[in-house]
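Each remark here refers to the structure printed beneath this line.
The values are calculated or read from the model by the stated rules, or taken from the named source; none is laboratory data. Source: prediction; values computed, not measured. Please note: Cβ atoms are built from the backbone with ideal geometry, for glycine as well, and neighbour counts cover all protein chains shown. These accessible areas exclude ligands, DNA and RNA; they are computed on the full protein's heavy atoms, side chains included. Shrake-Rupley method; radii C 1.70, N 1.55, O 1.52, S 1.80 Å.
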Amino acid sequence: MNKRWGAGILAAAMIFMAAPQADATEVISEDVYQWVQSTARQNYYFNKQQFYFAQDDAGYMTPDILLVPVLKTYDQVQIRDVVSKRRWKGLSTSGYDDLVGCAEYLKFNLKEQTVQVTKHDDLDSDWGVLGTTTSDKVVKITELSDKDVDAKFYRAILQYASSHYQEIYDRTQTVKGAKAPKSEVKRPTKESAKDSKDKKKGRVTKSSKRGVRE
């Protein structure tokens, strides 16, 4: 199971040598990836070129739902931890001696301030997918501690989205072919027969008694 993750984009955007994080050689394109933070065990990035609003079944954009892929690179301690957990769960560890990080696909509900990791891909040093997991778990961001590492990551993404709203909106239309949100679709109103008649005759107001017509 060695599918390529982000074929073409990721391969051209970054080079990562599997080594302890402090000594890792990382070249990540700032045009594609936005670094957010580094902990003792992981580096956190999001793909700012793949930021999109969701679409409904009819193709209308839904700006309340934000979709964004993220990337995390691991140090050796985190790698061993991931492998140990897979062994404990009885999952295959084939290829995991070359594990370097993961790609996750996040779904934000801006109105409800929640996030869901819809898919998690473990990645090898060639950015092949070693294993994939999915989840329906929804996390309430406002309930996370300000010191929570994931909370800081999510809030940084939301802040970026807020300051780049129009860019994301335009990209969703041009790249994804989304229609304008239903709330923004102008619906022509038919003028009633009475309104049309009033316009032609001129509606008489109280001032009309003094010879003034509206």
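Normalised radius of gyration (Cα atoms, divided by 2.2 N^0.38 Å) for segment 36-81: 1.65.
Here the extension length gained between Asp56 and His120 equals 20.7 nm, from 0.36 nm per residue of separation less the Cα-Cα distance. Normalised by 2.2 N^0.38 Å, with N the number of residues, the alpha-carbon radius of gyration of segment 70-133 equals 1.24. Each of Val149 and Thr134 was given a label point 7 Å from its Cα along the Cα-to-Cβ line. The distance between the two points is 2.7 nm.
Keeping every protein chain in place, order Ile65, Ile157 by accessible area at 1.4 Å, biggest value first, i.e. largest first.
Numbers: Ile65 30, Ile157 0 Å².
Output order, biggest surface exposure first: Ile65, Ile157.
About its Cα centre, segment 30-94 has a charge dipole of approximately 660 debye under the convention of +1 per Lys or Arg Cβ and -1 per Asp or Glu Cβ, with nothing else charged.
Go through Lys147/Lys179; Lys147/Lys182; Lys137/Lys176; Lys89/Lys176 and tell me which ones have a Cα-Cα distance over 32 Å in this structure. Checking Cα-Cα distances, Lys147/Lys179; Lys147/Lys182; Lys89/Lys176 exceed 32 Å.
Nearest 0.05, what FRET efficiency do Trp35 and Gln173 give at R0 = 30 Å with Cβ-Cβ as r?
Values: r = 28 Å, r/R0 = 0.92.
With a Förster radius of 30 Å, E is 0.60.
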